Amino acid sequence: MTDPKRYDEFAALLEQASSRVLSYLHTLLLNWADTEDVFQDTCLVLWQKYEEFKPGTNFLAWALRIAQNKAMNFRQKQTRYATFTAGLRDTLLSEFAGRTTETATSNLSALSECMDQLPPNDQRMMKLSYVEDIPVRQLADALGRSPESVHNSLLRIRNSLLDCIHRKMNQADALPTISRELRKEEGP
């Protein structure tokens, strides 16, 4: 990129979006060291591909898509981690694209605190279901429980988690899209 004006535009856009991109990456990777590494790689790709970016379009949405791709590539290389389902990734992506940095950071903090407060068995069940994307029937078989029992437990955990988030955010509509995703019932 040889045009100094384009460089200044890029720097301004990246400065505005960087905290949201970083927060989004952290929700996908759950580890700050990995997040910072992938963020640096994301910034490099954004810089390298900036000439492909069309001025006047949504820079944050473009940056979040690139960040998502970098995070997924990183996850594929790290076999010790599971990946989020495509639906949850898309929900997170749309939430981060539409929120202010302060709101997104507050929501992330509340979600993280609430997840930490869940009993270990509930945390494990949520990770198996939502991070590792194990179907309810398969999860029930692995746990030696009925699919209905697992479904009811997941519903109870999601509602508990959502209530905790709302308490922490001190407003009923703090996470409208994520709330719908958490409350969505799955068939056994």
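The values are calculated or read from the model by the stated rules, or taken from the named source; none is laboratory data. Keep in mind it's a predicted model, so treat the numbers as computed, not measured. Positions of Cβ are generated from backbone atoms using ideal geometry, with glycine treated the same way; all protein chains shown enter the neighbour counts.
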**Request:** May I ask you to verify whether VAL21 is under 21 Å from the mean Cα position of the chain (by Cα) and either surrounded by 20 or more Cβ atoms within 10 Å (Cβ to Cβ) or within 20 Å of LYS127 (Cα to Cα) (or both)?
**Result:** yes
**Residue ID - nearest to MET72 (Cα to Cα), chosen from residues in the range 125-146 that are in a helix (DSSP H, G or I) and polar (S, T, N, Q)** = SER129
**Message:** If SER149 satisfies all but one of (1) surrounded by fewer than 15 Cβ atoms within 10 Å (Cβ to Cβ); (2) in a helix (DSSP H, G or I); (3) at pLDDT below 70; (4) not hydrophobic (A, V, I, L, M, F, W, C), what's the number of the condition it fails?
**Reply:** (3)
**Request:** Could you pull out the residue among ARG89, ARG65 that is modelled with pLDDT of 70 or more, within 19 Å of the chain's Cα centre (by Cα) and within 20 Å of VAL21 (Cα to Cα)?
**Result:** ARG65
**Message:** Exactly one condition in (1) surrounded by 18 or more Cβ atoms within 10 Å (Cβ to Cβ); (2) modelled with pLDDT of 70 or more; (3) under 30 Å from GLU9 (Cα atoms) is false for LEU128; which is it?
**Reply:** (3)
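Results for (1) out of contact with any helix residue (DSSP H, G or I) (no Cβ under 7 Å at 6 or more places or on another chain); (2) at pLDDT 90 or above; (3) more than 19 Å from ASN69 (Cα to Cα); (4) of a type in the set (Gly, Ala, Ser), shown as yes or no for each residue.
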site	(1), (2), (3), (4)
TYR7	yes, no, yes, no
LEU14	no, yes, no, no
SER19	no, yes, no, yes
LEU22	no, yes, no, no
HIS26	no, no, no, no
ALA33	yes, no, no, yes
GLN40	yes, yes, no, no
LEU44	yes, yes, no, no
**Fill in**
Residues in the range 124-140 that are within 24 Å of LEU22 (Cβ to Cβ) and either without any contact (Cβ under 8 Å) to a residue 24 or more places away in the chain or polar (S, T, N, Q) (or both) total 0
